[in-house]
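These notes are about the structure you will find just below.
Rule-based calculations on the coordinates, nothing more; no lab input. None of the values given here were measured: they were computed from a predicted structure. Glycine gets a Cβ as well: all are built from the backbone with ideal geometry, and neighbour counts include every protein chain shown.
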Amino acid sequence: MAFSRVSLLALLLFITAVHLVESRSVLADIEMNNGRSLLQYPQQINCSSACQTRCSNNWKNKMCLKMCGVCCSKCNCVPPGTGQDTRNVCPCYDQMRNPHNQRPKCP
């Protein structure tokens, strides 16, 4: 009877060790190319600064800053520069539309 308890305990320890090794390799596979794990939250950007840059040439500066801030807080992204040609860099930002006229919501 003592032999079966020892062998059962050894088998249980072996299975636990195999499980730990496999779980570490799965977590290593989750890592992205830039070294950041997919399990981490993306870093929050500074919407105020990004929108100041984006709206610097806009003739309705206050409205641009307001709408850019709304879009940035939802998408955590603001296209670089001041022109419309870079909107596709941030798909979420680019696809937000005003409900009543379907024009782009984000400047």
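How do the peptides 9-15, 55-61, 88-94, 67-73 rank, highest first, by the average count of neighbouring beta carbon atoms within 10 Å per residue? Mind dumping the intermediate values first?
On the way: 9-15: 10.0, 55-61: 13.0, 88-94: 15.7, 67-73: 19.4.
Highest-to-lowest ranking by the protection proxy: 67-73, 88-94, 55-61, 9-15.
Per-residue HN-Hα couplings for the stretch 83-100, Karplus 6.51 cos²θ - 1.76 cosθ + 1.60 at θ = phi - 60°, whole Hz, x for Gly and Pro?
Values per residue, Gly and Pro as x: x, 6, 6, 9, 4, 5, 5, 10, x, 4, 4, 6, 8, 5, 10, 6, x, 7 Hz.
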